[in-house]
Amino acid sequence: MKKILRQYGLLIILIVLIMVLYPFMPDRASNISRISAQYLIEVLSILPPILILLGLLDTWVPRKIVEKTLGERSGVKGAGIAILTGTAAAGPLYVAFPIAVFLLNKGASVFNAVIFLCSWSAIKIPMIMFESK
């Protein structure tokens with residue numbers, strides 16, 4: 001029971017809050033429900049293909065390559081590669097976290113994983129090109 005509460009606690013709190021809010025503000029409660037459902041559908045449509053690709057990368061990319069390019073001893077070169085891969089990516093930030101976990105499991109340093117996440121969230125070349133028009 002504790003495991004279920006830990007995993008789905010936020011969802012349960014959201015549902016309870018909507019149920020409490022509904023008698024007092026039905027318009028706002030239905031709007032919250034609609035937006036939450038849309039966001040859930042968006043996440044469920046994007047995340048499974050990413051996890052499949054990460055499974056394939058886990059099989060295809062040897063640990064030695066990740067350790068060499070992004071590991072503890074990669075230095076400035078590793079930070080540069082982390083910045084380049086983060087800026088070249090497109091997609092929401094919640095896609096970057098499974099990729100960062102993959103990199104950490106394959107031997108990347110925490111420093112380079114954080115640089116990857118920061119550059120993914122702050123500097124996206126495809127988005128800059130799209131938004132500049």
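In table form, for the structure just shown:
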quantity	calculated
Single residue of LEU21, LEU103, LEU70 found to be assigned by TED's automatic domain parsing to the domain that holds LEU117, touching a helix residue (DSSP H, G or I) at 6+ places or on another chain (Cβ under 6 Å) and either over 22 Å from MET127 (Cβ atoms) or among the charged types (D, E, K, R) (or both)	LEU70
Matching residues, the range 69-100, being assigned to a loop (DSSP other than H, G, I, E, B) and of a type outside the set (Gly, Ala, Ser)	GLU72, ARG73, PRO92
Residues within the range 122-131 that are within 21 Å of LEU53 (Cα to Cα) and at pLDDT 85 or above, tallied	0
Residues satisfying the stated conditions in the range 43-63, i.e. within 14 Å of PHE102 (Cβ to Cβ), part of a helix (DSSP H, G or I) and β-branched (Val, Ile, Thr)	ILE50, ILE52, THR59
Residue satisfying condition, being over 19 Å from the mean Cα position of the chain (by Cα) and either surrounded by 13 or more Cβ atoms within 10 Å (Cβ to Cβ) or not small (Gly, Ala, Ser) (or both), within set PRO98, PRO49, PRO92, PRO62	PRO62
All positions within the range 76-121 that are on the phi > 0 side of the Ramachandran plot and modelled with pLDDT of 90 or more	GLY107
Candidates VAL66, VAL114 - the one that is in a helix (DSSP H, G or I), hydrophobic (A, V, I, L, M, F, W, C) and without any contact (Cβ under 8 Å) to a residue 40 or more places away in the chain	VAL114
Residue in the range 26-36 that is farthest from PHE97 (Cα to Cα), counting only those that are among the hydrophobic types (A, V, I, L, M, F, W, C) and at pLDDT below 90	ALA29
Residue count, the range 21-42 (criterion: surrounded by 11 or more Cβ atoms within 10 Å (Cβ to Cβ), among the aliphatic types (A, V, I, L, M) and not in a loop (DSSP other than H, G, I, E, B))	4
The range 1-20: number of residues that are among the basic types (Lys, Arg) and either over 22 Å from the mean Cα position of the chain (by Cα) or assigned to a loop (DSSP other than H, G, I, E, B) (or both)	2
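The values are calculated or read from the model by the stated rules, or taken from the named source; none is laboratory data. Bear in mind the structure is a predicted one, so any value in this text is a computation, not a measurement. Using ideal geometry, Cβ is built from the backbone for each residue, glycine included, and neighbour counts are taken over all protein chains shown.
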